[in-house]
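First up is the structure itself, then whatever we jot down about it.
The values are calculated or read from the model by the stated rules, or taken from the named source; none is laboratory data. Not measured: the values here are computed from a predicted model. So basically every Cβ, Gly included, is an ideal-geometry build from the backbone, and we count neighbours across all protein chains shown. Surface areas here come from the heavy atoms of the whole protein model, side chains and all, with no ligands, DNA or RNA. Shrake-Rupley method; radii C 1.70, N 1.55, O 1.52, S 1.80 Å.
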Amino acid sequence: MPLLATWQAKAYLSAVVLAGVTSFVVSVIVGVSSAPFAWSSVAALAGLNFVASGWQVNQVNHRVRANLSSVMMLSVFPLVGMYGAVLVASVGFFAWRGDPLVKRLFNVSQLIISAFAAGALYVALGGGLGVRTSAFLPFLGRMLLAALVYYVVNVTLVAIILSLTQRVRLLAVLTGTMAPQAVPHLGYSLFGLLLAVLWDGVGLGPFSAVLVLAPLFVARWAYSQYVEQQIGYDRTIRALVQAVETKDIYTRGHSERVAHASEMIARQLGMREDRVTSLRYAGILHDVGKLGVPTRVLQKSGRLTDEEYAAIKLHPVRGLEVVRDITFLGEAYVGIMHHHERIDGLGYPMGLRGEEIPEFARVIGVADAFDSMTTTRSYRGARSVSDAVEELRRCAGTQFDSALVEAFVVALERQGWEPETTALFDVEPADISAGDTFDHDDPRAAMLGRSEEASE
């Protein structure tokens, strides 16, 4: 969980934890006072949930973790009731020992609240203890609705804290990160249903968990291998970026910042998570073609000759040539190839205009120019964020996509921006002189001595 930087986030977390603790205390009191209460089943299910919660895999973007506890939780309502379900959910606090205390408290609290809400619906719909196969269809309906409520409450609670801590629109979090998990979750609910039927309806008891969970553990292991593969992809990409930044030293850190700014725009737009990942790759690799540009050209601080400028203009094409055999990049290719196209058609390498320019390229174009303007270069100092935003807006509709500029401005207002602070050159902001310098990312750069303002 990101740092709780705002009072709203702190207040929300406190409210969730208070609600979770209250639900737990009520469940313990009711459990102790109820006769009979299936303490042995609660203990067995809690132990299984402890194991399932501990077997977790980070998703590639490291924003959301997946584990098998949802299968366990979707099976407990007919086995131990709503109060027992809360007790089973609470063991997650001990399974996540490696997490910070505040994160453990929030995570277990939102699971307890989700279990309480889903269990209450199950009971309200007439559900009781035991699996009655003679009335299986009504039982199936109650279980599926309980699974849906569990998911909706769980996702909403997590999405709100992500929205508050990362200062991203709640709707963007729900549609971009959480919504794609809905179908897999409902699929898991069927495994939870099967576990309940085998446990009580067939009478296998705890042994049913072996039959149901063992194949899922294998599936999780396979997924963990996929995640390791993605980590390998990230290392490959960062090795290429390091090569570029070694050659073009004044852009050190530029690729990561462009990727971050591009991701800010994408999340503001509510882009799907798989596309956000591809866009991040495109942002990181957008300048990889500079490996094919002579170093003396990249580090030249004055105006370029026709031949030197022609070499610069080839770097998007060179970038595509470098990465064309990296098959996992997908849509990132077009972002790398076309990030210097302009809405008015005066860009390069193909002179595309308007909607002809792929969305990834239009996003990176905004992010690239913004970071260039707010970064110190060898021949001029960095501009302020407000000055850079003003320049983006001035060029909206001609150089940049107006909608993407505004999306980025909103994202900046929500999340802020940490400008590059480790300048490699001792240059004062007053030294900026667009007529005497060249910067192919900067909207105000004059090219080859011409007076018109364009991104070159």
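Place the peptides 394-406, 335-347 in order of packing, highest mean first, counting for every residue the other Cβ atoms within 10 Å and averaging per peptide.
Averaged packing, sorted descending, gives the order 335-347, 394-406.
Leaving out same-chain residues fewer than 8 places away, which lysines sit with a Cα under 29 Å from that of K313?
Of all the lysines, those that pass the test against K313 - Cα under 29 Å, at least 8 places apart if same chain - are K247, K290, K300.
With every protein chain left in place and a probe of 1.4 Å, what is the accessible surface of R303, to the nearest 10 Å²?
About 120 Å², rounded to the nearest 10.
Protein chains only, probe 1.4 Å: how do V26, V158 rank by accessible area, largest first?
V26, V158
With a 1.4 Å probe and all protein chains in place, put Y83, Y348 in order of accessible area, largest first.
Ranked from most to least accessible, the order is Y83, Y348.
Sorted by packing (mean other beta-carbon atoms within 10 Å per residue), highest first, where do 110-120, 272-282 land?
110-120, 272-282
Sort 257-265, 70-78 by packing, meaning the average of other beta carbons within 10 Å per residue, with the highest value first. Before the final figure, lay out the partial values.
Values: 257-265: 24.7, 70-78: 27.4.
With the highest mean Cβ count within 10 Å placed first, the list reads 70-78, 257-265.
Extending each Cα 7 Å along its Cβ direction at S33 and Y233, get the distance between those two points in nm, one decimal.
5.4
Where a Cα-Cα gap under 23 Å defines reach, which lysines qualify for K10, not counting those fewer than 8 residues away within the same chain?
Of all the lysines, those that pass the test against K10 - Cα under 23 Å, at least 8 places apart if same chain - are K103.
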